[in-house]
Structures are given as structure tokens and as C-alpha cells.
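Notes follow once the structure below has been shown.
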Amino acid sequence: MIFGDFPTHSATGVVLAHTVQAGARRLPKGTSLQEEEIAALIAADIGQVTGMRLDADDLIEDEAAAAIAGAIPADHMRLSDASTGRVNVYAAVNGLFVADRTVVDAINRIEPAITLACLADHVPVRAGDMVATIKIIPLGVAGEKVRRVVELLGESAPFAVKPFSAHAVTLIATELPSLKASVMDKTARLLAQRLSISGSRIMNEVRVPHDREALVSAFQGLDLLENDEPAMVVVFGASAVVDAEDVIPAAIRAAGGEVMQVGMPVDPGNLMVLGRLGNCPVIGAPGCARSPKDNGFDWILHRLMAGEMPTASRLAGWALEDC
């Protein structure tokens, strides 16, 4: 392809780099000049135009963007039509946006003229949010480069939206004399707000003394199969967890459950417990979860609502993430 200034009389097939006003005729950027447009330019006494002449295998910007967009699996996402070399990608549902950096980087390294930008991995999104954009930088690009991108997309998806599913949530709050009831009331309201993006609801709230046996009894008294929706248990301790044998993790094990992780390298959110009773996830919420600000608790909650159960190995890799 050749970019530059072209004499108008020999500019047939040139793609305009800028919008040109030819008398009463407006020729937008990206117009491929044909006989009719050439005649209008000559009549307006425009002797040369700036643009790009494409080679036989080159694709004009919109064709290239549309070809790449067509290779992206669109489950739970909506893609715009190509315009000015751009296709925008939107979430079609409330969910968790997940991105494979290896794939995204590989695409962007094929050709600087082809760009794919997206949100960070594991960001919660609502239906209608823009999550990614494909942009062809010049007016045209080599078809061979586009085909390489399409081939790569056929092997691996660069990103997806995992829909949130509604959960039936049990909130268990442990009590100490030093913890005001108003604090627990506020905690319940904030948890309900956090759950709303997924359609989840607090179906049951239990308050028990802050000791292991009381919490074990609360766990054992739950009927985790009484709702059609998948279950989840969130425990807000009156005192922070300071050991793997502290009240919350010890009670999960004593009730027949499993503790996968006590603590995580995220601040705020260090003092988190993640376990399960059967197939039901149990979160021992860190103290920062009593605040409306985003923190490590939200990261865990969003993954669980999207059907992920973070492993201890995955949690250990969160140290460089930005909470």
C-alpha cells in the first residue's frame, strides 16, 4: 500500500485520508474514490488528494476490523458494526470479564496497525458496558496480517464475559459484646448491595456468639439445598482471623467442610478465609468487607458468582494485582 498525495485525475481507487468538501459534495475520510467522486473533485478545482492506494491483497480498514471481529466468539457479548476501522465489544449480561493476556498480547504483536484493547482480567461488568475495542490504525492493512490474527483467534479466545448466576446466600455474623448491632445491620445492607449485580439475595441471616461450637451448630443447621439457586455462605466474624485454627476456619472443618485458604496477599483483604461445605462455598469475610470500597472480598465474591472457585495457587498470585 502507498500513502501520500495523488493527482486527482489519476486517483481512482485511492482511499481518502481526510474528509474533502468538493463543492456541494462532501467526501468523508475512508471514501474509495471512483469516477463519480473524481469528477466532483475536478469540478471543484481540487488538483490533488491525500490518501492511500491499496495493493491487491490489502483490506480497507472496516473490512479488516469486521473480519477480526467475526473471529471472536460472541457468547454473552455484543459487537458493533465496523466504522472508521473500529469495532466495539459490549457485555450482553452482568458478569465477570475475563481476558487471556497471552492471546491479547500475541494479537497486538502481529502488526502495529492492528490493535485490540480490552478491560483488565476479572473485572465485573454490567450489560451494556464496553469491554473491548478492535481498531485498525491506518486506512488499510495487509490481508495476510489480518488472516494471521483470524487464525490465532480461531485457536484461542482473547476474552469472554462469564455471566453471574443468582445465589441463595446465608449471612452468618458472630457476636462479641464490643460489636454493635448497628454495625452488623450495616454489614448486611452492604452485602446485599454487593450481591445485587448477580441477582443474588441474602435468604437467611444468623447471628451467633463468636466461638467455634456456636458457629459449627450454625453451619450444621443450614439446609443448603432448600433453594433452587446455588448456595453460598458468608461469615462476618466479630474478631479478625489470626490463625488457621481460629474460630471461622476451625468451625468449617469441624462441621465437615474444607478450608482451602486462610489469608491472601491482597490489601485490603488479607484476613480472608475461603472454604466449602460440600459444594457450597464459604467465605470468612475480612474486616474490610464492612466497607463499601472495593477490596479483596469483592474479588472472591465476583469469581464465585461467576462460577469460579479460586485455588490456593491462584490466590497466591494476586500480590501484584491492584485492589
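Throughout, read-outs are computed from the coordinates displayed, never taken from laboratory work. Note that the coordinates shown come from a computational prediction; the quantities given were computed from them, not determined experimentally. Neighbour counts are summed over all protein chains in view; Cβ atoms, including those assigned to glycine, are modelled from backbone coordinates with ideal geometry.
Helices from the chain with mean Kyte-Doolittle at least -1.0 and a Cα length along the axis of 20 Å or more, per DSSP H: which?
Going by DSSP H runs, the hits are 181-195.
When DSSP assigns beta bridges and you keep just the ones with both residues in the chain, what percent turn out antiparallel, to the nearest 5? Roughly 70 percent of the beta bridges in the chain run antiparallel, per DSSP.
Summing +1 for each Lys or Arg and -1 for each Asp or Glu among the other residues whose beta-carbon sits under 14 angstrom from that of Leu304 gives +2. For segment 272-323, applying the loop criterion from DSSP together with a ceiling of 13 other beta carbons within 10 Å to the trypsin sites (Lys or Arg not before Pro) yields Lys293.
Averaging 1/r across all pairs of distinct Cα atoms in the chain and inverting the result yields a Kirkwood radius of 23.2 Å.
Using the Cα gyration tensor of segment 168-320, with a ≥ b ≥ c the square roots of its eigenvalues, what is the shape: rounded (a/c below 1.5), prolate (a/b larger than b/c) or oblate (neither)?
Taking the square roots of the gyration eigenvalues as a ≥ b ≥ c, segment 168-320 is rounded.
Dividing the Cα radius of gyration of segment 1-56 by its Kirkwood radius returns 0.92 for Rg/Rh.
Ranked by the mean number of other Cβ atoms within 10 Å per residue, highest first, peptides 96-107, 63-74 order as 63-74, 96-107. Tell me, what is the percent relative contact order of segment 168-320, built from C-alpha pairs under 8 Å that lie six or more residues apart? Relative CO of segment 168-320 lands at 22 percent. Checking every one of the GluC sites (Glu not before Pro) in segment 251-323 against DSSP loop status and a limit of 14 other Cβ atoms within 10 Å picks out Glu321.
Quick check on packing: order 263-271, 239-247 by the mean number of other C-beta atoms within 10 Å, highest mean leading.
My ranking of the peptides, most packed first, is 263-271, 239-247.
Which of the lysines could be linked to Lys135 by a straight reach, that is with a Cα gap under 16 Å, when you skip same-chain ones fewer than 8 residues away? Result set, ordered by chain and number: Lys29, Lys145.
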